Amino acid sequence: MKPAAFDYDRPNDLAAATSQIAQGDGMVKAMAGGQSLGAMLNLRLAQPQGVVDLRSIQELSSATETAEAVTLGACVTHARIEDRRVPDATRGLMPKVAADIAYRAIRNRGTIGGSLVHADPAADWVSTLSLLNATAIIGGPNGRREMRMEEFLLGAFETALGMDEILIAVRIEKFSANARWGYWKFCRKTGEFAEAIGGVLIDPARKICRAVIGATNGKPYVIHDARGIADQFDAHRAMQAVEAAGMGEDAYERQMHFVALQRAAAAIHTT
Ligand SMILES: Cc1cc2nc3c(=O)[nH]c(=O)nc-3n(C[C@H](O)[C@H](O)[C@H](O)COP(=O)(O)OP(=O)(O)OC[C@H]3O[C@@H](n4cnc5c(N)ncnc54)[C@H](O)[C@@H]3O)c2cc1C
């Protein structure tokens, strides 16, 4: 199957891209790496009148660093994060996550912003950026606004991004020197989407002890006070969290999510 006909443009100016999308009234779609949108176009699940390719807009592919945070443009690819060609705020967590996304050919094109806006519950950045409580920087006809990940992600394939807006960047606060993390995902074979994701982060200097349960039926379930899960793993507490994340009904699903969280917590001792 081939896509329905659409207009294609590749502006190099952010204002031009934003205005084309805003004026498109929901019928003009942004494209980043095209790794998800391409399939949706080919299957005619998406039939936009126009596609605005964001890859020539410099700001969207840039990365900036301050003493407190790293800001990654929405079009930074998984491969650039994997290869540490952009600064890492997370003491190796993001490069490790990036390296395990799909296959290298997909990582060369797929972007952090495209993955986040697509909001597949099984996607790695959706869970990781929730664990990091990262900030989404959004642009539209009324200027810019910022949202924390928990507000930005609304559910499966659903975000708070308006039809006339684009995701410009993601800001990640830097880990302190003694921060530790663990991340575990189950997939049937290397390169596939996760069936269960567990992530933990302990950063005492920033008073963070957080965990995430990902690849759920909706948005990731973030445990802000993960004492008893991220540090001393308490099986009862972890199972309660898995059930609260909505994964309690099916015994197989429940066990997979429990073990993902358990293995993430165990991995914290190696980071
Ligand atoms: C075989 C295969 C295996 C995969 N395995 C994994 C995996 O293991 N883990 C994982 O996390 N992902 C996986 N992916 C998904 C991959 O990471 C894609 O890169 C990602 O889902 C989409 O990123 P993209 O840049 O290609 O976005 P696109 O396909 O270009 O866009 C996706 C959606 O986001 C919108 N969009 C894109 N950028 C913006 C923006 N800046 N502002 C507003 N809207 C925007 C588009 O309009 C579209 O709706 C896999 C994909 C494939 C094909």
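FYI, it's all coordinate maths here, none of it is from the lab. Here the structure is a predicted model, which is why all the values come from computation and not from measurement. As a convention, Cβ positions derive from the backbone with ideal geometry for all residues, glycine included, and neighbour counts pool all protein chains shown.
Data for the structure
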| read-out | value |
| --- | --- |
| Distance between modelled label sites at R227 and A160, nm, 7 Å Cα→Cβ extension | 2.8 |
| Net dipole in debye of the stretch 107-238 [+1 Lys, Arg Cβ; -1 Asp, Glu Cβ; about Cα centre; nearest 20] | 400 |
| Label zone at Q255, where the point sits 7 Å out along the Cα-to-Cβ direction: the stretch 229-247 residues whose backbone N lies under 19 Å | 235-244, 246-247 |
| The stretch 182-270 - Rg and Dmax from Cα coordinates, angstrom | 12.2, 38 |
| Cβ charges +1 (Lys, Arg) and -1 (Asp, Glu), total dipole of the chain, debye | 700 |
| Within the stretch 182-270: Cβ-based charge dipole about Cα centre, in debye rounded to nearest 20 (Lys, Arg +1; Asp, Glu -1) | 300 |
| Partners for K189 among aspartates and glutamates (Cα-Cα distance below 20 Å; same-chain residues under 8 apart left out) | E82, D100, D120, D124, E253 |
| Hull shadow area, averaged, the stretch 103-158 [alpha-carbon convex hull, nm²] | 4.4 |
| Ranking of F233, F157 by count of other Cβ atoms within 10 Å, fewest first | F157, F233 |
| Dipole-positive endmost among A156, I21, V86 within the chain (Cβ charges, Cα centre) | V86 |
| Where labels lie 7 Å past Cα in the beta-carbon direction, separation of D120 and R84 in nm | 2.8 |
| Label-point separation, E195 to A99 (7 Å along Cα→Cβ), nm | 2.5 |
| Whole-number percent relative contact order across the chain, with pairs defined as alpha carbons under 8 Å at least 6 apart | 16 |
| Net charge of Cβ neighbours under 13 Å - reference I213; Lys, Arg +1; Asp, Glu -1 | +3 |
| Kirkwood estimate for the chain, i.e. one over the average of 1/r between Cα atoms, Å | 18.9 |
| Residue (of A32, Q49, G73) at the positive-pole extreme of the stretch 3-76, dipole from beta-carbon charges | Q49 |
| With at most 13 neighbouring Cβ atoms within 10 Å, loop GluC sites (Glu not before Pro) (DSSP) excluded, longest segment of the chain | 69-191 |
| Candidates D88, D164, D13, ranked by Gaussian network fluctuation over the chain, Cα under 10 Å, top entry | D13 |
| Isotropically averaged projected area of the stretch 10-159, using the convex hull of Cα atoms (one quarter of hull area), nm² | 8.8 |
| Fewest-first ranking of C75, C209, using other Cβ atoms within 10 Å as the exposure measure | C209, C75 |
| FRET efficiency, 1/(1 + (r/R0)^6) with R0 35 Å, evaluated for A69 and A4 via beta carbons | 0.30 |
| Those lysines that a straight Cα-Cα span of less than 21 Å connects to K174, excepting residues fewer than 8 apart in one chain | K96, K207 |
| Order of K219, K96, K207 - criterion: other Cβ atoms within 10 Å of each residue's Cβ, fewest first | K207, K96, K219 |
| Rounded FRET efficiency, nearest 0.05, which uses the C-beta distance separating S19 from Q47 and R0 of 22 Å | 0.50 |
| Relative contact order for the stretch 182-270, counting Cα pairs under 8 Å that sit 6 or more residues apart, in percent | 32 |
